[in-house]
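The values are calculated or read from the model by the stated rules, or taken from the named source; none is laboratory data. None of the values given here were measured: they were computed from a predicted structure. A quick note on method: Cβ atoms are made from the backbone with ideal geometry, for glycine too, and the neighbour counts reach across all protein chains shown. Please note that ligands, DNA and RNA were not included when accessible areas were found on the heavy atoms of the full protein model with its side chains. Shrake-Rupley method; radii C 1.70, N 1.55, O 1.52, S 1.80 Å.
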Amino acid sequence: MSDQNQPEPGASVIGVIGLGNMGLPMATRLRAAGYDVRGYDRDDSACAAAHAAGIATTESIAALARLASTIVMLLPGSHVVDPVAAEIVRVPRAERACDFVIDMSSSSPGRTRALGASLAESGITLMDAPVSGGVTGARAGTLTIMVGGDDAALERARPLLEHLGARVIHVGATGAGHAAKALNNLLSATHLLATNEALIVGARFGIEPEVLNAAINVSSGRSGSTDNKMPRFVLSGAFDSGFSSALLAKDIGIATNLANEMGMDAPIGRAVEEWWVRLAAQIEPDADHTEIIRPLEADNGVHIRARSSAVAEPTS
Ligand code: NAD
């Protein structure tokens, strides 16, 4: 289904490019809040899911740029955001409605700075506003949103962002949101790998993983991994967070590159990157990131599942 219903002349249309795990629930929330939302995704099945959710799509990025004053992007990263932005810019200025792009993807901060400068020459303001909170937070509108950009851009975006997130944090100038997000995800990956390792050591010693995780959760070793990821996605056997191993690998790389660009060695980040790459090569690229525990479990002959887990998996 391509775009059928033209908006009222003068009505403000919000475009959403990237209707995947995050983009579709976020577009759906904006539509439910009363915005005239139009989407675009290069993947037919993502468009079909959007149509099923009542969101019309355009046939091209250019068509969306002619309709929507604000375009929100939920794309894999800068390697996709940059060419998509170039397609927006290619629409002649007189025909273009779009003068504001909010990149909510987890992109690379240096590339975001450069993109902001080049879009400004075409009369388009770029704001980075990556998110934390996963698919659950996207559906519920409880994301944390880390904003990079000037005050005017944030004030323009704020009414829209408040339908998507519970916390909007202005971390700095253009690119700072993407830097904050990458550093957050490096820590998230660090906690996940360290928690996996600790629960496996505990299991080999004879401690029930569920019991050890619960003990850590009321002690000083707790983290987002012990609090949320282990119980919901690993101990349960569900492995359905909706965030792929490949996307987290990209974020780890953005953070370690940023450290290098800042003239730092960042040995802990480098170790996490090396481990993630090594383990990720042993699972499918589009596997859920919480499945990163599987090669460690296989190497150590244990499965870190709750006794009450609905998914029974044999130990090997
Ligand atoms: P996803 O792979 O589910 O969705 C990305 C969408 O972009 C897909 O539908 C894909 O078809 C589309 N796409 C790719 N190239 C395109 C192009 N050239 N033109 C148009 N559409 C294109 O990814 P996701 O999980 O929704 O993540 C989106 C972004 O949000 C990523 O940057 C990710 O790192 C970040 N993020 C994800 C989560 C999560 O839990 N999934 C959490 C926080 C941040």
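One line per residue, one yes/no per condition, for (1) open to solvent by 10 Å² or more (accessible area, probe 1.4 Å); (2) assigned to a helix (DSSP H, G or I); (3) outside the structural domain of Met262 (by TED's automatic domain parsing):
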{"position": "Cys98", "(1), (2), (3)": "no, no, yes"}
{"position": "Ser106", "(1), (2), (3)": "yes, no, yes"}
{"position": "Gly110", "(1), (2), (3)": "yes, yes, yes"}
{"position": "Ser118", "(1), (2), (3)": "yes, yes, yes"}
{"position": "Val135", "(1), (2), (3)": "yes, yes, yes"}
{"position": "Ala138", "(1), (2), (3)": "no, yes, yes"}
{"position": "Ala152", "(1), (2), (3)": "yes, yes, yes"}
{"position": "Ala157", "(1), (2), (3)": "no, yes, yes"}
{"position": "Ala166", "(1), (2), (3)": "yes, no, yes"}
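When you scan the stretch 66-78, how many residues do you find that are open to solvent by less than 10 Å² (accessible area, probe 1.4 Å) and within 13 Å of the ligand (Cβ to nearest atom)?
5
Against the definition (open to solvent by 40 Å² or more (accessible area, probe 1.4 Å) and closer than 28 Å to Gly175 by Cβ), how does Arg42 come out, yes or no?
In short, yes.
Can you tell me how many residues within the stretch 286-306 are under 22 Å from Arg232 (Cβ atoms) and in a loop (DSSP other than H, G, I, E, B)?
Of the residues in the stretch 286-306, 7 are under 22 Å from Arg232 (Cβ atoms) and in a loop (DSSP other than H, G, I, E, B).
Which one of Gly20, Gly39 is under 25 Å from Gly141 (Cβ atoms), modelled with pLDDT of 95 or more and within 9 Å of the ligand (Cβ to nearest atom)? First the steps, then the outcome.
Numbers: Gly39 fails: within 9 Å of the ligand (Cβ to nearest atom).
On inspection, the qualifying residue turns out to be Gly20.
Search the stretch 194-208 for residues that are more than 20 Å from Ser220 (Cβ to Cβ) and pair each with any residue that is of a type in the set (Lys, Arg) when their beta-carbon atoms are under 9 Å apart and the residues are at least 6 apart or on different chains.
Matching pairs, first to second residue: Glu208/Arg307.
Would you mind stating whether Gly148 is surrounded by fewer than 22 Cβ atoms within 10 Å (Cβ to Cβ) and within 16 Å of the ligand (Cβ to nearest atom)? Walk me through how you get there before you give the answer.
Numbers: surrounded by fewer than 22 Cβ atoms within 10 Å (Cβ to Cβ): no; within 16 Å of the ligand (Cβ to nearest atom): yes.
For Gly148, the condition - surrounded by fewer than 22 Cβ atoms within 10 Å (Cβ to Cβ) and within 16 Å of the ligand (Cβ to nearest atom) - is not met.
Which ones in the stretch 55-65 are touching a strand residue (DSSP E or B) at 6+ places or on another chain (Cβ under 9 Å) and more than 8 Å from the ligand (Cβ to nearest atom)? Break it down stepwise before answering.
Taking the stretch 55-65 first, the residues touching a strand residue (DSSP E or B) at 6+ places or on another chain (Cβ under 9 Å) are 55-61, 63-65.
Residues satisfying the conditions are Ile55, Ala56, Thr57, Thr58, Glu59, Ser60, Ala63, Leu64, Ala65.
Is one or more of the residues making up the stretch 200-211 open to solvent by 50 Å² or more (accessible area, probe 1.4 Å), touching a Lys or Arg at 6+ places or on another chain (Cβ under 8 Å) and of a type in the set (D, E, K, R)?
Yes, the stretch 200-211 has at least one match.
Given Arg167, Arg204, Arg139, which one is away from the ligand (no atom under 13 Å from the Cβ), closer than 20 Å to Met104 by Cα and among the charged types (D, E, K, R)?
So the residue among Arg167, Arg204, Arg139 that is away from the ligand (no atom under 13 Å from the Cβ), closer than 20 Å to Met104 by Cα and among the charged types (D, E, K, R) is Arg167.
Considering only residues that are out of contact with any Lys or Arg (no Cβ under 8 Å at 6 or more places or on another chain), under 20 Å from Arg113 (Cβ atoms) and outside any helix (DSSP H, G or I), which ones fall in the stretch 75-96?
Matches in the stretch 75-96: Leu75 only.
So that you can scan it fast, the table gives a plain yes or no per residue for (1) under 18 Å from Thr190 (Cα atoms); (2) open to solvent by 50 Å² or more (accessible area, probe 1.4 Å); (3) within 16 Å of the ligand (Cβ to nearest atom); (4) free of Cβ contacts under 8 Å to residues at least 40 places away in the same chain:
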site	(1), (2), (3), (4)
Lys229	yes, no, yes, no
Val234	yes, no, yes, no
Ser241	yes, no, yes, no
Thr256	yes, no, yes, no
Asp265	yes, yes, no, yes
Gly269	yes, no, no, no
Trp275	yes, yes, no, no
Asp288	yes, no, yes, no
Arg305	no, no, no, no
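Given the residues Ala271, Ala246, which is the only one that is closer than 26 Å to Val80 by Cα and assigned to a helix (DSSP H, G or I)?
Matching residue, one of Ala271, Ala246: Ala246.
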